Each structure stands twice: as C-alpha cells, then as structure tokens.
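Have a look at the structure below before the remarks.
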Amino acid sequence: MKQPIGVFDSGYGGLTILKDMVELLPHYDYIYLGDNARAPYGPRSFKTVYEYTLQCVKWLFNQGCPLVILACNTASAKALRTIQQRDLANIDPAKRVLGVIRPTAEVIGGYSQSGSVGVLATKGTVVSESYVIEIKKFFPNVKVYQEACPIWVPLVEYNEHHSKGTDFFVKKHIDHLLHQAPAIDTFLLACTHYPLLKDKIREYTPADIKIISQGSIVAGSLSDYLIRHPEMENRLSHGETVDFFTTDSVSDFDEKATLFYGRHVNSVHVNM
Ligand code: DGL
C-alpha cells in the first residue's frame, strides 16, 4: 500500500507548495486534498478552521499518509498546534502534521537588511499573530508589520488574478502595508494563493523591496526534516505518483489546478 505525503489546503493555494515539493523531492508519492467546497478559510473562526482542517487531516491519514503538510497558512495558524499537541496522541502518535509558518519564520528575517518585514496574509493568519510570534523567536530584532488582504483569495479562486479590477485591491493593500512602515524591504506572501498574484504585486511594489513566496522554503524544510527523521523517511513510499482530491467539482478543480500546479491534473471528488 502507498504511504504518501499528504498535502492539504483550503483550495488551490497549496498546489503552489506541492509543485515545489515534487520538483525538489520527486521520488515520493503525494496526495493533495483541496477543501474547495468550504474555501476560503481566511475569514472563518478558529473553531471552524480547526474542525475542517482536522477532518481533512484524518481523511489523509486514512489514505495511508504517515505525514501531512498543512500547505495553508490559515490552517497552520489556527489548527496546527491543537492537532499536534492534542489530537495526534489520540489518532496515531506515530503520524506527523507539519505547517508552513515555522519554516518560513525560520528564514524570512535573513532576507531583510532594514530589519522590517511586511507580511501579506488572510485575516485569519493576521489576527492569529502567528508570524509576529514565530519570527520574533528566530529574529528578535526584526520588526514585523502585517496587512490582511481578505479579497485576494476570492480573486484568485475565481480566476480573476489577471483582471484589471484586481489591480485596485492589490495596490490598496500594498499601500496600506507600506504606510505602516516605509522601512519595509521584504514582503512575505504569507498565503499560498498569493504567488498567483505575484506579477501584479510586483507592479505596485517599489523595485527595491523583495517579494518572497513560500514554495521553495517549505520544500527545502521538508527535505531537511526527512533527513533529520529517517524513521519517517523510511515509512514513505517511493512511487513518484501525485493524486489530487477535491471536496468540490472535479471539472472546476482540474481547470484551475492546472494554473496553480503548472500541469494538467485529473482530480477525484471526496465528500467531507
Ligand atoms: N491558502 C490559504 C493560506 O495560505 C488561505 C486560503 C483561504 O482563505 O482559504 O492562508
């Protein structure tokens, strides 16, 4: 039986992370689950995001995944700790769930010369203050400024990320963030959907500000994790397959997933 790496997101965003993982670590099997029927998670309460995320993690465990990556900042911010500290012991203490916030926080301060980092994220991630708390642990002198961009995920989910109307909302949030602290020299795209907006974000961002997305950071961190944890690495199957599942329409998923993943995909529907 396959023992794949499970990759979870509320919708399509996690595909931007999966793409980098498969590129860096192609020999494993992967299962991607997008909870498209209940996306976006960004505006939802802690309790709801936690419950949805836990259901999806359990489903991935039931497919044989010994390791699940929450490729969603909102789920990582609102559900990861409880799942790691409370639920895993009851479900299966040998399984693991990892998120995207800590690996990003470990490196993001290193990109900034001015010591001021701007975090663009969903409302849920911003309100959780997870990035402020985690970055402080690794870079105590780095100042973190946050901007919630609630409309960006729907714009991407509805395939409007190249539309002219999107420019207004991209510029609005970048201006707000820079207004808080003109010294910011690094933008972190702390939502896995935002890489799809990168061209527009670049257009409205001063040229000397770096724009960092998470795919290669998270993929690199997974690779390090598997080197440090041979007991987990040994459990993973090496079939080089990637299977896609969505809680919503498969035709919609396949059409849009191609944009995020850069390749044609054939998904299977799952009821959650
Ligand atoms: N892709 C998710 C993240 O990284 C958010 C999308 C959503 O709001 O559902 O935060």
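The values are calculated or read from the model by the stated rules, or taken from the named source; none is laboratory data. Note that this is a predicted model, so its numbers are computed, not measured. Heads up, the Cβs are rebuilt from the backbone with ideal geometry, glycines too, and the neighbour counts pull from every protein chain shown. When the accessible area is computed, the model is the full protein with side chains, heavy atoms only, and any ligands, DNA or RNA have been set aside. Shrake-Rupley method; radii C 1.70, N 1.55, O 1.52, S 1.80 Å.
If only residues of the stretch 102-134 that are surrounded by fewer than 23 Cβ atoms within 10 Å (Cβ to Cβ), of a type outside the set (S, T, N, Q) and away from the ligand (no atom under 16 Å from the Cβ) are counted, the one that is farthest from D9 (Cα to Cα) is G115. Which residues, taken from the stretch 54-93, are open to solvent by 50 Å² or more (accessible area, probe 1.4 Å) and of a type in the set (A, V, I, L, M)? Within the stretch 54-93, A89, I91 meet the criteria.
If a residue must be within 16 Å of the ligand (Cβ to nearest atom) and either without any contact (Cβ under 8 Å) to a residue 24 or more places away in the chain or crowded, with 20+ Cβ neighbours inside 10 Å (or both), how many such residues does the stretch 21-53 contain?
Keep residues of the stretch 21-53 that are within 16 Å of the ligand (Cβ to nearest atom), which gives 21, 32-53.
Checking the rest, the ones that are also either without any contact (Cβ under 8 Å) to a residue 24 or more places away in the chain or crowded, with 20+ Cβ neighbours inside 10 Å (or both) come to 21, 32-36, 39-42, 44-45, 47-49, 51-53.
Number satisfying all stated conditions: 18.
Scanning the stretch 48-78 for residues that are among the charged types (D, E, K, R) and either under 13 Å from the mean Cα position of the chain (by Cα) or within 26 Å of L188 (Cα to Cα) (or both) yields a single hit, K78. Residue count for the stretch 131-147, restricted to those that are closer than 16 Å to A190 by Cα, of a type in the set (A, V, I, L, M) and not in a helix (DSSP H, G or I): 1. Scanning the stretch 1-20 for residues that are open to solvent by less than 10 Å² (accessible area, probe 1.4 Å) and away from the ligand (no atom under 13 Å from the Cβ) yields P4, I5, G6.
Pairing each residue of the stretch 148-161 that is touching a residue at least 12 places away in the same chain (Cβ under 8 Å) and within 11 Å of the ligand (Cβ to nearest atom) with any residue that is part of a loop (DSSP other than H, G, I, E, B) and open to solvent by 30 Å² or more (accessible area, probe 1.4 Å), provided the two are 6+ apart or on different chains, yields C-beta distances under 7 Å for P150/P43; V153/P40; P154/P40; E157/P40. Being within 16 Å of the ligand (Cβ to nearest atom) and free of Cβ contacts under 8 Å to residues at least 60 places away in the same chain is the filter here; which residues of the stretch 182-228 pass it? Answer for the stretch 182-228, where residues must be within 16 Å of the ligand (Cβ to nearest atom) and free of Cβ contacts under 8 Å to residues at least 60 places away in the same chain: L197, K198, I211.
Just to be sure, is D167 open to solvent by less than 20 Å² (accessible area, probe 1.4 Å), part of a helix (DSSP H, G or I) and among the charged types (D, E, K, R)?
yes
Which ranges mark the helices (runs of 4 or more DSSP H) fully within the stretch 199-272 that have 2 or more residues being buried (at least 20 other Cβ atoms within 10 Å of the Cβ) and out of contact with any Asp or Glu (no Cβ under 6 Å at 6 or more places or on another chain)?
On the way: elements: 215-228, 230-233, 250-261.
So the answer is 215-228, 250-261.
With respect to (1) surrounded by fewer than 22 Cβ atoms within 10 Å (Cβ to Cβ); (2) out of contact with any strand residue (DSSP E or B) (no Cβ under 8 Å at 6 or more places or on another chain), the lone exception for L196 is condition (1).
I'm trying to understand the selection: among the residues of the stretch 148-164, which are open to solvent by less than 60 Å² (accessible area, probe 1.4 Å) and not in a helix (DSSP H, G or I)? Give the derivation first.
Filtering the stretch 148-164 down to residues open to solvent by less than 60 Å² (accessible area, probe 1.4 Å) leaves 148-149, 152-157, 161, 163.
A148, C149, H161, S163, listed by residue number.
Within the stretch 58-82, restricting attention to residues that are touching a Pro at 6+ places or on another chain (Cβ under 9 Å) and in a helix (DSSP H, G or I), the residue that is modelled with the lowest pLDDT is T74. Yes or no: L188 under 18 Å from the mean Cα position of the chain (by Cα) and part of a strand (DSSP E or B)? In short, yes.
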